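Contents: one structure, followed by commentary.
The values are calculated or read from the model by the stated rules, or taken from the named source; none is laboratory data. In this text the structure is predicted, and so the values were computed from the model without any measurement. Using ideal geometry, Cβ is built from the backbone for each residue, glycine included, and neighbour counts are taken over all protein chains shown. Each accessible area value is taken on the protein alone, full model and side chains, heavy atoms only, with ligands, DNA and RNA left out. Shrake-Rupley method; radii C 1.70, N 1.55, O 1.52, S 1.80 Å.
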Amino acid sequence: MAETLEQKMCKRSLGYAFVRNVFVRPMLYLFYRKVDVIGAETVPDTGPVIFAPNHQNALMDALVTLCTKNRQPVFVARADIFRKPIIIAVLHFLRILPIYRKRDGGNSSDNNQETFDILHQVLLHGQAVGIMPEGTHNEIKRLRILQKGIFRLAMQVQENYGTRPVVKIVPVGLEYVSTNRIRTDVIVNYGKALEVSDFYDLYVENPAKAFKHMQDALSEKMKEGMVDIENETCYSEIERIRVYYLRQAMQRLGLNDRNASQRLSTQQKIIATMQNFLQTDPEAGADLCAQIKDYTTIIRKHNFDDRIIERQPYSFLGLAGQTLLALTGIPLYILGLLLNYPAYLGSRLGSRNVKDPQFVSSVQFVVCLVLFPLYHIIMAVLFVVFIPCIWGKLTMIILLIPSGLFAYEYGCFVKRLYACWRIWNGKRKKDPEILKAVELRKNIFAKCDKIIVG
């Protein structure tokens with residue numbers, strides 16, 4: 001007799017483990033330049049656990065969670081993506097179930113009951129569940145009000161164990177450098193678990209009060225592990241200074257910018273200090289925000305990255321030497337394009353018409369997951385058939401992925417080099433906007449040194 005969906009979700013799947021470990025996880029570590037994981041060792045490997053990540057990047061939030069901890073969590077996702085039979089089959093294989101919203105039509109409570117019944121059984125079988133407690137995704141780096149469904153589910157399962165500590169909610173802080181560009185960095189921060197049993201006595205006495213206490217406790221734990229900018233008035237300026245000033249702040253504080261934990265805590269320090277400064281000295285804060293806004297406007301107008309301004313002044317000889325060095329990489333760049341660009345282009349075209357910016361990375365990742373292995377298999381077959389030398393065949397097959405990574409990084413390097421030349425030429429010609437950007441950055445960072453580092 002065929003297994004029901006509930007039975008499939010309640011046990012570990014060898015097929016799921018194979019696909020995750022052989023295809024999804026390697027692609028994730030190619031898709032992102034760096035995936036830093038903090039605290040995964042503190043999460044139990046067995047027993048009922050509910051992962052609770054902040055929600056910034058659509059399906060990628062679930063993927064980075066399931067790929068960085070060796071559990072097989074059953075996640076929920078918005079029901080409107082469960083439309084075509086093949087998509088439903090793929091999502092069910094990936095252990096993702098639909099959650100209905102009022103806008104999806106019908107009776108959302110009745111539709112969701114089946115999903116929550118399955119999640120309930122998954123936890124009773126000692127497996128893991130993943131729920132984004134904010135309910136909806138948003139690229140704004142601020143924790144939104146948590147929905148209470150996660151607490152109802154947790155406590156309904158905990159009722160089977162009373163005050164014995166069994167069910168845990170694990171806060172997961174996700175911090176993306178970019179939610180719509182590949183080859184950027186992401187931090188996955190597993191925080192200290194919330195013991196549902198701690199709230200059981202209060203739940204027996206007053207369920208609504210218990211849920212509110214759980215909501216407050218989980219919110220606090222999630223904020224500790226993520227980037228959370230509460231100031232709405234100057235959100236953009238605080239967000240920009242968090243990005244611009246991070247490296248210098250870590251240098252001034254004597255910290256290692258390769259340490260993910262220190263990098264995250266420094267960002268939190270920048271945000272907290274800036275918010276406090278804006279509150280205690282609004283006039284000076286408004287002036288600083290105006291300078292940050294002007295600086296950001298100029299570098300975006302000229303398509304400069306802050307790091308390009310940071311590294312100036314540039315010398316003609318230095319830039320000329322880098323340009324000559326870049327020329328030597330052209331052959332490998334062309335090879336990387338030939339061996340990878342059609343698949344890369346397919347991922348770009350596949351996400352071109354995506355209306356929700358937070359779904360861009362998700363669509364690109366899924367398309368890459370399909371197209372790159374397929375295209376590389378085709379190229380490997382062609383090498384085997386048409387290259388006579390065995391060492392030539394092996395060399396070309398081995399170069400498939402490294403040459404693609406080189407081509408992408410080479411392209412980024414050339415763009416940066418071109419921007420450096422533009423800054424050098426602009427300063428030589430005394431371009432007023434470029435000179436203003438350099439001066440603004442100097443003033444902004446001097447003020448940040450006093451405000452943040454002290």
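Restricting attention to the range 266-286, does a residue exist that is touching a strand residue (DSSP E or B) at 6+ places or on another chain (Cβ under 9 Å) and either touching a residue at least 12 places away in the same chain (Cβ under 8 Å) or more than 28 Å from Ile187 (Cα to Cα) (or both)? Before you say what the answer is, go through the steps one by one.
Keep residues of the range 266-286 that are touching a strand residue (DSSP E or B) at 6+ places or on another chain (Cβ under 9 Å), which gives 267.
With either touching a residue at least 12 places away in the same chain (Cβ under 8 Å) or more than 28 Å from Ile187 (Cα to Cα) (or both) added as a condition, the list becomes 267.
Looking through the range 266-286, at least one residue is touching a strand residue (DSSP E or B) at 6+ places or on another chain (Cβ under 9 Å) and either touching a residue at least 12 places away in the same chain (Cβ under 8 Å) or more than 28 Å from Ile187 (Cα to Cα) (or both).
So which residues in the range 303-344 are farther than 27 Å from Trp424 by Cβ and of a type in the set (Ser, Thr, Tyr), if there are any at all?
Tyr341, Tyr344
Quick check on this structure: which one of Ser361, Ser347 is touching a Ser or Thr at 6+ places or on another chain (Cβ under 9 Å), assigned to a helix (DSSP H, G or I) and of a type in the set (S, T, N, Q)?
Ser361
Any residue at all in the range 58-65 that's outside any helix (DSSP H, G or I) and surrounded by 23 or more Cβ atoms within 10 Å (Cβ to Cβ)?
yes
Among the residues of the range 80-97, which ones are open to solvent by 10 Å² or more (accessible area, probe 1.4 Å), under 27 Å from Gly126 (Cα atoms) and not β-branched (Val, Ile, Thr)?
Filtering the range 80-97 for residues open to solvent by 10 Å² or more (accessible area, probe 1.4 Å) gives 80-94, 96.
If we keep only those that are under 27 Å from Gly126 (Cα atoms) too, we end up with 82, 88-94, 96.
Matches in the range 80-97: Phe82, Ala89, Leu91, His92, Phe93, Leu94.
Residues to consider are Val367, Val453, Val414; find the one that is closer than 30 Å to Asp61 by Cα and surrounded by 14 or more Cβ atoms within 10 Å (Cβ to Cβ).
So the residue among Val367, Val453, Val414 that is closer than 30 Å to Asp61 by Cα and surrounded by 14 or more Cβ atoms within 10 Å (Cβ to Cβ) is Val367.
What is the one condition in (1) more than 20 Å from the chain's Cα centre (by Cα); (2) touching a residue at least 12 places away in the same chain (Cβ under 8 Å) that Val186 does not satisfy?
Here Val186 meets the rest and fails (1).
Taking the range 380-408 only, how many residues are open to solvent by 30 Å² or more (accessible area, probe 1.4 Å), assigned to a helix (DSSP H, G or I) and farther than 27 Å from Glu139 by Cα?
Residues flagged as open to solvent by 30 Å² or more (accessible area, probe 1.4 Å), assigned to a helix (DSSP H, G or I) and farther than 27 Å from Glu139 by Cα within the range 380-408 amount to 16.
Against the definition (touching a residue at least 60 places away in the same chain (Cβ under 8 Å), in a helix (DSSP H, G or I) and open to solvent by 70 Å² or more (accessible area, probe 1.4 Å)), how does Arg441 come out, yes or no?
Against the criterion (touching a residue at least 60 places away in the same chain (Cβ under 8 Å), in a helix (DSSP H, G or I) and open to solvent by 70 Å² or more (accessible area, probe 1.4 Å)), Arg441 does not qualify.
One line per residue, one yes/no per condition, for (1) of a type in the set (D, E, K, R); (2) assigned to a loop (DSSP other than H, G, I, E, B):
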position: Asp201; (1), (2): yes, no
position: Met214; (1), (2): no, no
position: Asn231; (1), (2): no, yes
position: Glu239; (1), (2): yes, no
position: Gln248; (1), (2): no, no
position: Gln262; (1), (2): no, no
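Is one or more of the residues making up the range 33-43 open to solvent by 20 Å² or more (accessible area, probe 1.4 Å) and over 19 Å from the mean Cα position of the chain (by Cα)?
Within the range 33-43 (the criterion being open to solvent by 20 Å² or more (accessible area, probe 1.4 Å) and over 19 Å from the mean Cα position of the chain (by Cα)), the answer is yes, since at least one residue qualifies.
Would you please name the residue that is nearest to the chain's Cα centre (by Cα), looking only at residues in the range 279-306 that are open to solvent by 80 Å² or more (accessible area, probe 1.4 Å) and under 16 Å from Ile444 (Cβ atoms)?
Among those that are open to solvent by 80 Å² or more (accessible area, probe 1.4 Å) and under 16 Å from Ile444 (Cβ atoms), it is Asp305.
Quickly run through the range 297-314 and pick out the residues that are polar (S, T, N, Q) and without any contact (Cβ under 8 Å) to a residue 60 or more places away in the chain. Break it down into steps so the answer makes sense when it comes.
Looking only at the range 297-314, we keep the residues that are polar (S, T, N, Q), and these are 297, 303, 312.
Matches in the range 297-314: Thr297 only.
Among the residues of the range 39-55, write down those that are outside any loop (DSSP other than H, G, I, E, B) and within 13 Å of Gln127 (Cα to Cα).
Val49, Ile50, Phe51, listed by residue number.
Only one residue in Leu30, Leu66, Leu14 is more than 22 Å from the chain's Cα centre (by Cα) and not hydroxyl-bearing (Ser, Thr, Tyr), so which one is that?
The unique qualifying residue is Leu14.
Here are some residues: Glu220, Glu224. Which one is touching a residue at least 40 places away in the same chain (Cβ under 8 Å) and among the charged types (D, E, K, R)?
Being touching a residue at least 40 places away in the same chain (Cβ under 8 Å) and among the charged types (D, E, K, R) holds for just one of Glu220, Glu224, which is Glu224.
Looking at Ile96, Ile87, can you tell me which residue is within 19 Å of the chain's Cα centre (by Cα) and under 22 Å from Gly15 (Cα atoms)?
One residue alone meets the criteria, Ile96.
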